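Since every read-out is calculated from the coordinates, none of them should be taken as a lab result. What you see is a predicted model; the values in this text were computed from it and never measured. Cβ placement follows ideal geometry from the backbone for every residue including glycine, while neighbour counts extend to all protein chains displayed.
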Amino acid sequence: MLAPRLAPPVQDEKPPAVLEMTQVDPDYTIKDCRLGAGTVTYPESSEGYPWHLLQPRNMIATTYTVSDTSFPWARYPVEW
């Protein structure tokens with residue numbers, strides 16, 4: 001899994017001290033897994049919340065999993 005890591009600045013109003021992309025290879029123990037046809041429902045849209053613009057076009061399948069995971073130290077940090 002690739003994830004951004006942002007080190008906060010030492011002083012307020014300053015840019016971040018470090019921005020890295022890190023690779024983490026967590027260990028998974030899957031507790032429950034389901035596959036099926038999916039649907040998407042959105043709350044009522046408004047000017048501030050334009051959910052109507054996010055219309056799914058071609059939903060093939062959905063998955064749902066519950067798992068336990070532990071995150072080890074990051075591998076391959078890459079500074080930006």
Correct option for mean projected area of the Cα convex hull in nm² [calculated from the coordinates] among [x] 6.2; [y] 5.7; [z] 9.4: [z]
Charge dipole (debye, nearest 20) of the stretch 21-62; +1 at Cβ of Lys and Arg, -1 at Cβ of Asp and Glu: 200
Where labels lie 7 Å past Cα in the beta-carbon direction, separation of residue 37 and residue 14 in nm: 5.7
Between the stretch 1-17 and the stretch 32-63, the Cα center-to-center distance that results, in Å: 32
Sorted by Cβ neighbour density within 10 Å, fewest at the top, the residues 5, 57: 57, 5
